[in-house]
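K.L.:
I'd like to ask some things about the structure below.
The values are calculated or read from the model by the stated rules, or taken from the named source; none is laboratory data. What you see is a predicted model, and the numbers here were worked out from it, not measured in a lab. With ideal geometry, Cβ positions are generated from the backbone for all residues, glycine too; neighbour counts draw on all protein chains shown.
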Ligand SMILES: Cc1ncc(COP(=O)(O)O)c(C=O)c1O
Ligand SMILES: Cc1ncc(COP(=O)(O)O)c(C=O)c1O
């Protein structure tokens, strides 16, 4: 069902956890649908120096969270904003069609966290 | 499907053939339905001294013809008229439900031959 | 790690060696078509008749009341649609429950599109249908009541005799999907006034792809697979001979060994339930505490999602299920768990471990060792759990 | 007398050892439910996919166009009813032939009761459907044309590509019951413009109780077995895993060895036909002299009845059939023989000997030795023969 890459990220998810006093936090999805992703960012000089996530969801939800956080770590905010769900799927070597929405969720979670960061910055 | 008794009468049918100058001949059934039975009688002093049959039909048709002729041989005309399809079935140790009509045909063939004999006698 | 623990017997079972052995000759030597006149066919026909007798005996039915199908789903489809179309002059109302198997529910939904009216009864928090509710739902035009014998997800066993009795009093046909019950618990269709009953071989150590529908003599039903004269003109298609032979043998073995097996499996089940409830907080047991299938355990673990739990268990060699295997293609949480009143959120965190003949005490110990840390790890990852901890 | 000669391969075949061997692991080790998330299920799923590919390859189809069923009859029922109900807004007229298998004819008769209109085309004396007749029968509201690929009783092979082409031009769906053809003669659904095709494993040395329906991508069809998500939501029921694996292997073997097998069996067939026609007077060969299945012989022996002939052959160990095995429960002579213009009387005297892999030259010699005296003996007993002799 899942590729080896998905199973690797699922079994050993990278960047699990919270960041205290995060610079940005984004949460998408809802428990009703069975998927919630929450992403925490630490940003220094416009660069994402640390990122953590917490996810309630299926194997694909956990794997996409893991790989998405890995993909934006060390990137600038602008680079991170360019992350697409397609790239997430590609870097996982594919997802079953029924699970593609998880990659969308991961993209949205990252964007929500960045927006939160920007909002806080503007405030 | 068929009892051993049916198979015995089917494989070694008794009284197959014709009687030249028979005292009575009866034919029932038709080729359209797949069964024709023809019975020939030789009658002396009201007793059936010889009986033969020819049958076009399935295994049960042949077996009922065979056993019915056997059952009336040596009987008086009145005794033979009492032959029922039920007795034919019983002496064959049963017939499949779909084949019961063959025993009726056998009874009818015997009766038709006797009627023919009576008609000739009256004429 | 080579340990493999199969706890998904409600999804399917392996075929017992004894069963397989009785099937083998029918592939290669006794391969005739049972409808054929010749010896190759006749010798096979006899064995089909024997299988029919074995099933009849197991259910307290007559052999001529047993019709072979391709499995439980076909039996359910046939029962529902066959009764509906045959009796539509009498009425167009069907009563069933919200917790039926998809094979039954989807047949009902199809009939709704075709102009039939279906009442889907609620169940209580344990998954029990209340006989009073059945009674209240009955109308002038009710032609069929269908209530499953035991649920495939939560294992709850219904008061079948009582409900069937209500149907009988009002001359309404009563069908039960007994796919999960046959072979595990005692059934007597005559005593219990059951008119139609579905079963499937692969749930009791017989082969997949073969089942049966019991149709009481005199019940008015039409065919749904038209064609040749097989099954006395009621179900067309060359018989799945090896499958039918296997079904007969499997049901015979299941019934003969039912008491001892049920007792043994029940003890393991209770041990598993007790262990899980003790070791894992924020957990609920789904289904009825007593009126449940000997092999069924079903839990909801709050704050986590079932599939990721399954996959983690699978990595450790433990095979379970989250809701019916058949509905795993869907993203919605199980309709059964929602029907017993769980929220979507809780229902997503369900795990069914269904025990069978091959499970041992060690299997239980292994699950009790492996499961709690997995649940804990997933909870540590869950934003929902964080909130609860925060709230504490 | 222990000699046994099986010449009823059109009724069913034995399962080849190679096929059976590929099936065996799926009863006991690889027994998981292919819908399950865990490893026990996933490893089985892969093999189901392989079987789907094997079938697709044999037919020139795509794997996702293959749907497993419980056999040929279910496939026929599904094709006819599924297309009819899915397209009734477009029209309610179906065209088929008088010589179809009961699985197809009875589905059509059922639909007639449900308000559909069906044209049953005549065939010529060889059993051939004339493409012009198909063309003439097409109406505004025609939604489906179904013509069997090769007839099970008389072996006649239709001009499928031509008829399918007519359907395609008019955007009408084309189905073919290829149960007797698959594995014996070359089929390419894309080249031949076939939209739906039925097949059944037990006609080509696979197991009984499993078949498939090919449904071209984009064809509008509803399900007839509702329930779980199996077969991409189109055919409910836990998969008959061993059966499906066996079907895949059997079709692969059949296609790989088709040319040599067909040549060998055809030679035996022609020898048998020639011998019977020479040795038995008042005999006619049914079906087309050239456009016929490699293994099919079908005769009518005047003045005698088929069942008594079958039984006599059976006593000598020869297994044949009189009309389709499925219709042997009926007392009417075969609808196919009537459709090619035979009288009831002649049709009652039919014999089909269908050859297969296990038949040898000696089998043919044995039949040619045993059959003529049996026919003669039955004729001597027949009041019909007497008349002919009298008239001579
Ligand atoms: C032409 C044809 N169609 C359909 C069928 C039905 O196949 P099955 O018996 O596998 O249902 C058969 C064989 O019985 C057949 O010969
Ligand atoms: C309660 C119930 N009914 C029906 C079915 C369907 O049986 P099958 O998969 O044999 O079609 C199942 C199992 O899948 C079941 O658990």
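K.L.:
Residue D:44 passes all but one of (1) within 14 Å of another protein chain (Cβ to nearest Cβ); (2) within 16 Å of ligand 1 (Cβ to nearest atom); (3) crowded, with 23+ Cβ neighbours inside 10 Å; which number fails?
P.N.:
It fails just one condition, (2).
K.L.:
A follow-up question, please. Select from the stretch D:92-140 the residues that are outside any loop (DSSP other than H, G, I, E, B) and within 14 Å of ligand 1 (Cβ to nearest atom) and list them in ascending order.
P.N.:
The answer is D:96, D:97, D:102, D:103, D:104, D:105, D:106, D:107, D:108.
K.L.:
Moving on. Give D:190, D:203, D:220, D:208 a once-over and let me know the one that is more than 16 Å from ligand 2 (Cβ to nearest atom), surrounded by fewer than 24 Cβ atoms within 10 Å (Cβ to Cβ) and within 21 Å of the chain's Cα centre (by Cα). Full working, then the answer.
P.N.:
Numbers: D:203 fails: surrounded by fewer than 24 Cβ atoms within 10 Å (Cβ to Cβ); D:220 fails: within 21 Å of the chain's Cα centre (by Cα); D:208 fails: surrounded by fewer than 24 Cβ atoms within 10 Å (Cβ to Cβ).
Of the residues listed, the single one that is more than 16 Å from ligand 2 (Cβ to nearest atom), surrounded by fewer than 24 Cβ atoms within 10 Å (Cβ to Cβ) and within 21 Å of the chain's Cα centre (by Cα) is D:190.
K.L.:
Here's another thing I want to ask about it. So, in the stretch D:24-41, of the ones that are more than 8 Å from every other protein chain (Cβ to nearest Cβ) and touching a helix residue (DSSP H, G or I) at 6+ places or on another chain (Cβ under 7 Å), which residue ends up farthest from residue D:319 (Cα to Cα)?
P.N.:
Restricting to residues being more than 8 Å from every other protein chain (Cβ to nearest Cβ) and touching a helix residue (DSSP H, G or I) at 6+ places or on another chain (Cβ under 7 Å), the top hit is D:34.
K.L.:
Test residue C:166 against the stated conditions and say whether it is away from ligand 2 (no atom under 11 Å from the Cβ), touching a residue at least 12 places away in the same chain (Cβ under 8 Å) and within 14 Å of another protein chain (Cβ to nearest Cβ).
P.N.:
When the stated conditions are applied, residue C:166 does not pass them.
K.L.:
For the stretch D:1-24, enumerate the residues that are outside any loop (DSSP other than H, G, I, E, B) and touching a residue at least 12 places away in the same chain (Cβ under 8 Å).
P.N.:
D:5, D:6, D:8, D:18, D:19, D:20, D:22, D:23 - these are the residues of the stretch D:1-24 that are outside any loop (DSSP other than H, G, I, E, B) and touching a residue at least 12 places away in the same chain (Cβ under 8 Å).
K.L.:
Can you name the condition, by its number, that residue D:207 falls short on among (1) away from ligand 1 (no atom under 16 Å from the Cβ); (2) assigned by TED's automatic domain parsing to the domain that holds residue D:171; (3) touching a residue at least 12 places away in the same chain (Cβ under 8 Å)?
P.N.:
Every condition holds for residue D:207 apart from (1).
K.L.:
Is it the case, given these coordinates, that residue D:196 is outside the structural domain of residue D:53 (by TED's automatic domain parsing) and touching a residue at least 24 places away in the same chain (Cβ under 8 Å)? Don't jump to the end; show me each part of the working.
P.N.:
Values: outside the structural domain of residue D:53 (by TED's automatic domain parsing): no; touching a residue at least 24 places away in the same chain (Cβ under 8 Å): yes.
When the stated conditions are applied, residue D:196 does not pass them.
K.L.:
State all residues of the stretch C:92-104 that are surrounded by fewer than 24 Cβ atoms within 10 Å (Cβ to Cβ) and either within 14 Å of another protein chain (Cβ to nearest Cβ) or away from ligand 2 (no atom under 16 Å from the Cβ) (or both); if no residue qualifies, say none.
P.N.:
The answer is C:92, C:93, C:102.
K.L.:
Another question, if that's okay. Within the stretch C:7-19, does at least one residue satisfy the condition of being out of contact with any helix residue (DSSP H, G or I) (no Cβ under 7 Å at 6 or more places or on another chain) and more than 11 Å from chain D (Cβ to nearest Cβ)?
P.N.:
No, the stretch C:7-19 contains no residue that is out of contact with any helix residue (DSSP H, G or I) (no Cβ under 7 Å at 6 or more places or on another chain) and more than 11 Å from chain D (Cβ to nearest Cβ).
K.L.:
Among A:34, A:17, which is the only one that is out of contact with any helix residue (DSSP H, G or I) (no Cβ under 8 Å at 6 or more places or on another chain) and at positive phi?
P.N.:
A:17
K.L.:
Also, quick follow-up: Taking residue C:173, is it in contact (Cβ under 8 Å) with a residue 60 or more places away in the chain and over 18 Å from the mean Cα position of the chain (by Cα)? Spell out the reasoning first.
P.N.:
Details: in contact (Cβ under 8 Å) with a residue 60 or more places away in the chain: yes; over 18 Å from the mean Cα position of the chain (by Cα): yes.
Taking the combined requirement at face value, the residue satisfies it.
K.L.:
Against the condition surrounded by 24 or more Cβ atoms within 10 Å (Cβ to Cβ) and either assigned to a helix (DSSP H, G or I) or modelled with pLDDT under 95 (or both), how does residue C:51 come out, does it pass?
P.N.:
Yes, satisfied.
K.L.:
All but one of (1) within 16 Å of ligand 1 (Cβ to nearest atom); (2) within 14 Å of chain C (Cβ to nearest Cβ) hold for residue D:89; which doesn't?
P.N.:
The failed condition is (1).
K.L.:
Can you say whether residue D:358 is under 24 Å from the mean Cα position of the chain (by Cα), in contact (Cβ under 8 Å) with a residue 40 or more places away in the chain and surrounded by fewer than 18 Cβ atoms within 10 Å (Cβ to Cβ), as far as the supplied structure shows?
P.N.:
It is true that residue D:358 is under 24 Å from the mean Cα position of the chain (by Cα), in contact (Cβ under 8 Å) with a residue 40 or more places away in the chain and surrounded by fewer than 18 Cβ atoms within 10 Å (Cβ to Cβ).
K.L.:
Just the residues that are more than 9 Å from chain C (Cβ to nearest Cβ) and under 25 Å from residue A:121 (Cβ atoms), please, taken from the stretch A:1-28.
P.N.:
Scanning the stretch A:1-28 gives A:15, A:19, A:20, A:21, A:22, A:23, A:24, A:25, A:26, A:28.
K.L.:
Take residues that are within 14 Å of chain C (Cβ to nearest Cβ) and tell me which of the helices (runs of 4 or more DSSP H) falling wholly in the stretch A:43-123 contain 3 or more. Lay out the reasoning, then the answer.
P.N.:
On the way: elements: A:59-72, A:77-81, A:85-91, A:100-122.
Once the helices (runs of 4 or more DSSP H) in the stretch A:43-123 are filtered for at least 3 residues that are within 14 Å of chain C (Cβ to nearest Cβ), what remains is A:59-72, A:100-122.
K.L.:
Answer yes or no: is there a residue in the stretch D:57-66 that is on the phi > 0 side of the Ramachandran plot and within 16 Å of ligand 1 (Cβ to nearest atom).
P.N.:
Checked the stretch D:57-66: no residue is on the phi > 0 side of the Ramachandran plot and within 16 Å of ligand 1 (Cβ to nearest atom).
K.L.:
Listed residues C:85, C:67, C:27; which is assigned to a strand (DSSP E or B), outside the structural domain of residue C:355 (by TED's automatic domain parsing) and either more than 16 Å from ligand 2 (Cβ to nearest atom) or closer than 29 Å to residue D:226 by Cα (or both)?
P.N.:
Within the list C:85, C:67, C:27, the selection yields C:67.
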